[in-house]
Every structure is written in structure tokens, then in C-alpha cells.
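Have a look at the structure below, then the notes.
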Amino acid sequence: MTPEQIQRDAEERARRLQEKERADNAFRTEEINKASKLFRLGGRVAETEGADYLRGRGLAPLPFRLPLRFNPHFKYWHMLDVPDHHGKVQKKKEPYVLFSGPVMLAPISGPSHEFLGVHITYIDPARPGEKIRVEDPEAGPDENGTPVYVAPKKIRGSKRGATIMLIQPTGFTRLVRGEGWETTVSVALAEYGS
């Protein structure tokens with residue numbers, strides 16, 4: 001390759017990278033906006049199945065306020081394998097609504113406390129304190145014959161560099177992080193009482 005060809009290739013790679021970054025940022029912004037709309041669809045938790053979920057987890061009554069919201073009819077989008085005209089499954093999947101049910105919504109924030117997404121927990125109103133157990137119609141049973149269930153938690157928006165900020169009580173001198181907002185709230189609840 002000549003030096004000119006090398007230079008042109010480098011410029012083309014840089015142009016494609018910038019184009020990809022622009023598209024990624026546009027997609028991320030669009031997802032954050034969609035997540036914000038979904039979070040705003042939630043309402044108060046008190047006197048709902050969401051409150052029953054918290055009580056069932058041993059997290060109510062709480063001596064502090066959480067940034068959670070509740071939605072009684074939130075769509076669970078799932079992906080359907082789409083066969084081509086020869087009956088073979090395509091790589092592209094088609095989204096569809098598997099069910100609609102109650103959810104707890106938690107805001108996901110960035111380092112500067114800006115809204116970045118929503119954490120969605122699908123709860124089972126028939127079993128207070130429990131998440132949904134809905135069989136995945138696309139998966140079928142595993143090798144042991146055990147049903148495969150859909151994920152009871154989802155995230156919309158962006159989780160890059162993000163966290164679910166639950167409480168910032170005055171007087172606390174350390175940060176507590178946990179896997180799952182419910183587990184983390186249980187630690188805050190235990191420490192709040194001590």
C-alpha cells in the first residue's frame with residue numbers, strides 16, 4: 001500500500017468510528033427518553049400490590065421514602081423466533097407482548113444524578129413478596145425437564161456508569177451497595193433501626 005492509501009484507510013476507519021459513535025449515542029438518548037416515559041407511567045406504591053410486595057419482603061413499613069413507583073398493568077415484551085419462508089428460524093426476532101402485570105419501577109441515575117433508565121421488577125400479586133414465575137414459551141423445559149422462566153427483572157434505558165440511588169440519609173458516613181434493590185433496602189432498614 002502506498003502512504004496515500006494508508007492515510008485514506010485510516011481516515012475512512014476514523015469516519016466509520018465517528019458515525020458508529022453518533023448512532024450509538026442517538027440510540028442511547030432515545031432509550032433514555034423511552035425509559036423516562038415508562039417510569040412516569042408509574043404511580044404511588046402505597047395501598048397497591050406494590051406495597052404488598054414490599055411487606056412480603058419484610059420491607060414495610062419503612063421509616064424512609066424510596067424513589068419507587070408502581071404500575072398495575074405493565075407490558076412484558078418478549079422475543080419470538082421468526083421462521084423464514086422455508087421454515088428455518090431467522091436470526092432476527094420479533095417482539096411481542098407476552099403478558100401484562102404489576103411492576104415496581106426504580107429510577108436508574110448517572111454520576112450527576114441525571115435520569116438514565118428504569119429498573120423494572122415484575123411482581124406476583126398472588127404471592128406477596130415474590131417476583132413473577134412465567135414460563136418462557138420460546139425456551140421449553142431445560143435438559144432436566146424443569147420449566148425455563150422469563151426474567152422477572154428488566155432494565156430500559158442506559159446502565160453505563162449508572163446506579164439505583166435508593167436513599168441518602170443525613171448522618172451516614174459510608175456507602176452501601178448491593179445486588180438487587182430489595183436486598184440493599186433491607187440493609188438500610190436494619191441499619192436505620194440500630
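The values are calculated or read from the model by the stated rules, or taken from the named source; none is laboratory data. Quantities reported herein were computed from a predicted structural model and do not represent experimental measurements. Note that each Cβ is placed from the backbone with ideal geometry, even for glycine, and that neighbours are counted across all protein chains shown. Accessible surface is based on the protein model in full, side chains and every heavy atom, while ligands, DNA and RNA are left aside. Shrake-Rupley method; radii C 1.70, N 1.55, O 1.52, S 1.80 Å.
Report summary: the helix-based calculation at 222 nm, which adds -39500 (n - 2.57) for every DSSP H run with n ≥ 4 and divides by the residues of the chain, gives -10500 deg cm²/dmol.
Just checking the listed ones, HIS78, HIS113, HIS86: in the Gaussian network model of the chain with Cα springs under 10 Å, the one fluctuating most is HIS86. Over the chain, accessible surface divided per residue gives 67 Å², non-protein components excluded, 1.4 Å probe.
Let a ≥ b ≥ c be the square roots of the eigenvalues of the Cα gyration tensor of region 110-172; is it rounded (a/c under 1.5), or, if not, prolate (a/b larger than b/c) or oblate? Since a/c reaches 1.5 and a/b is larger than b/c, the shape of region 110-172 is classed as prolate. Packing-based ranking of 68-75, 128-135, 25-32 yields 68-75, 128-135, 25-32, ordered from highest to lowest mean Cβ neighbour count within 10 Å.
Among residues other than ASP124 with Cβ under 11 Å from its Cβ, the summed charge is 0 (Lys and Arg +1, Asp and Glu -1).
Counting lysine pairs in region 72-194 whose alpha carbons fall under 14 angstrom apart, excluding pairs fewer than 8 residues apart on the same chain, gives 4.
Helix 181-193 axis versus longest C-alpha principal axis of the chain: approximately 40°, rounded to the nearest ten. Of the residues GLY101, GLY42, GLY178, the one that moves most in a GNM of the chain with alpha-carbon contacts below 10 Å is GLY178. With θ taken as phi - 60° and the Karplus curve 6.51 cos²θ - 1.76 cosθ + 1.60 applied, the whole-hertz 3J(HN,Hα) list for region 108-123 is 9, 10, x, x, 9, 6, 7, 5, 10, x, 9, 9, 10, 10, 7, 10 Hz, x standing for glycine and proline.
Overall shape: oblate for the chain, with the ratio a/c of the largest to smallest alpha carbon gyration tensor axis at 1.5 or above and b/c at least equal to a/b.
Once the Cα atoms are used to define both axes, helix 3-40 deviates from the longest principal axis of the chain by about 30 degrees. If you take all other residues with their beta carbon under 13 Å from the beta carbon of GLU12, and give Lys and Arg +1 and Asp and Glu -1, the sum is +1.
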